[in-house]
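Peer 1: If you scroll down you'll find the structure; I have some questions about it.
The values are calculated or read from the model by the stated rules, or taken from the named source; none is laboratory data. If you're wondering where the values come from, they're calculated on a predicted model, not measured in any experiment. Cβ placement follows ideal geometry from the backbone for every residue including glycine, while neighbour counts extend to all protein chains displayed.
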Amino acid sequence: MEKPKYSRIVLKLSGEALAGDQGYGIDPSVIQSIAEQIRDIIDLNVEVAIIVGGGNIWRGMAGSAKGMDRATADYMGMLATVMNSLALQDSLETIGVQTRVQSSIEMRQVAEPYIRRRAIRHLEKKRVVIFAAGTGNPYFSTDTTAALRAAEIEADVILMAKNKVDGVYSADPSVDATAFKYETLTYLDILKDGLAVMDSTASSLCMDNNIPLIVFSIMEEGNIKRAVLGEEIGTIIRGKE
């Protein structure tokens, strides 16, 4: 049996990744593919927690830019993450993976409230835990949620799955032909150079808690498993030298 490098991970999925080529909503074939990749690492006895964004349904920053109250726009974004989390839960349970959704905003009819000790217990029982509704507070991104939850559950690594790039680049490779991909970085590099990996709050939280981050493409089948096994894919960002 293949031996994973990490025993407990946080998988950060962008909402846009669930939309596939259609750009909005949820593409059933994409979410099914992601669910099957997650099952592959569950079969390696890896404990998996997931944070999924809501950008395929609603972006709080976009609403705020158009004049909407920022807190209201952000709460709408949190509700979008709940919708994505329930869709992912359904796909996982369809293929036999036990899953729990924990929401930072109380909605007992559809999800458990977030309780750290209960989340860890689910992970120990090899259930996938999906953290929904961000931190439950406006002005914080799902990147910050990933960093916060990773610290709380003592995850070994954050896997940040992207749908448009296969790592961290010096510039946007779709518009700058001279852009190059970094193999390794530190969080200080991210903060100092203003690289668009995660927001500064999330980067600082990961750096302070020495949580490594791997940025890779979700579009290539099997990449989640490759990252868990420690293969050199994407870009790895370390907390300290």
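Peer 1: Could you check segment 53-84 and list, in sequence order, the residues that are of a type in the set (D, E, K, R) and part of a helix (DSSP H, G or I)?
Peer 2: Arg70, Asp74
Peer 1: Identify, from the list Ser103, Ser64, Ser85, the residue that is hydroxyl-bearing (Ser, Thr, Tyr) and within 25 Å of Met219 (Cβ to Cβ).
Peer 2: Exactly one residue qualifies, and that residue is Ser85.
Peer 1: Among (1) part of a helix (DSSP H, G or I); (2) buried (at least 22 other Cβ atoms within 10 Å of the Cβ), where does Asp21 come up short?
Peer 2: Here Asp21 clears every test but (2).
Peer 1: For Glu106, state whether it is outside any helix (DSSP H, G or I) and among the acidic types (Asp, Glu). Walk me through it before giving the result.
Peer 2: Working: outside any helix (DSSP H, G or I): yes; among the acidic types (Asp, Glu): yes.
Yes: the conditions hold for Glu106.
Peer 1: Based on this model, can you work out whether Asp69 counts as among the acidic types (Asp, Glu), crowded, with 19+ Cβ neighbours inside 10 Å and farther than 15 Å from Glu16 by Cα?
Peer 2: In short, no.
Peer 1: Say we look at segment 81-93 and pick out the residues that are more than 9 Å from Ala132 (Cα to Cα) and of a type in the set (Gly, Ala, Ser); which of these is surrounded by the fewest Cβ atoms within 10 Å (Cβ to Cβ)?
Peer 2: Here the answer is Ala87.
Peer 1: Moving on. Consider segment 193-217. How many of its residues are at pLDDT 90 or above and touching a strand residue (DSSP E or B) at 6+ places or on another chain (Cβ under 7 Å)?
Peer 2: Matching residues across segment 193-217 total 8.
Peer 1: Just for segment 170-192: of the residues that are of a type in the set (D, E, K, R) and either in contact with a strand residue (DSSP E or B) (Cβ under 6 Å, 6 or more places away or on another chain) or surrounded by 13 or more Cβ atoms within 10 Å (Cβ to Cβ) (or both), which one is nearest to Ile237 (Cα to Cα)? Working first, answer last.
Peer 2: Our first condition is that a residue be of a type in the set (D, E, K, R); within segment 170-192, this holds for 172, 176, 181, 183, 189, 192.
The next check asks that each one be either in contact with a strand residue (DSSP E or B) (Cβ under 6 Å, 6 or more places away or on another chain) or surrounded by 13 or more Cβ atoms within 10 Å (Cβ to Cβ) (or both); those that pass are 181, 189.
Details: Lys181: 13, Asp189: 9 Å.
Only one residue fits best here, namely Asp189.
Peer 1: List the number of the failed condition for Lys225; all other conditions in (1) among the charged types (D, E, K, R); (2) surrounded by 14 or more Cβ atoms within 10 Å (Cβ to Cβ); (3) more than 26 Å from Ser33 (Cα to Cα) hold.
Peer 2: Checking Lys225 against (1) among the charged types (D, E, K, R); (2) surrounded by 14 or more Cβ atoms within 10 Å (Cβ to Cβ); (3) more than 26 Å from Ser33 (Cα to Cα), the one that fails is (3).
Peer 1: Answer yes or no as to whether Ala151 is surrounded by fewer than 23 Cβ atoms within 10 Å (Cβ to Cβ) and assigned to a loop (DSSP other than H, G, I, E, B).
Peer 2: It is false that Ala151 is surrounded by fewer than 23 Cβ atoms within 10 Å (Cβ to Cβ) and assigned to a loop (DSSP other than H, G, I, E, B).
Peer 1: Of everything in segment 121-152, what is more than 16 Å from Ala111 (Cβ to Cβ) and within 13 Å of the chain's Cα centre (by Cα)? Give them in sequence order.
Peer 2: Ser141, Asp143, Thr144, Ala146, Ala147, Leu148, Ala150
Peer 1: Right, something else. Which of the numbered conditions does Leu88 fail, given that it passes all the others? Conditions: (1) assigned to a helix (DSSP H, G or I); (2) more than 17 Å from the chain's Cα centre (by Cα).
Peer 2: (2)
Peer 1: Moving on. Could you list, in sequence order, all residues of segment 109-145 that are part of a helix (DSSP H, G or I), more than 16 Å from Asn45 (Cα to Cα) and touching a strand residue (DSSP E or B) at 6+ places or on another chain (Cβ under 8 Å)?
Peer 2: Listed by number, the residues that qualify are Arg118, Ala119, Thr142, Asp143, Thr145.
Peer 1: Would you say Ile50 is in a strand (DSSP E or B) and either buried (at least 21 other Cβ atoms within 10 Å of the Cβ) or modelled with pLDDT of 95 or more (or both)?
Peer 2: For Ile50, the condition - in a strand (DSSP E or B) and either buried (at least 21 other Cβ atoms within 10 Å of the Cβ) or modelled with pLDDT of 95 or more (or both) - is met.
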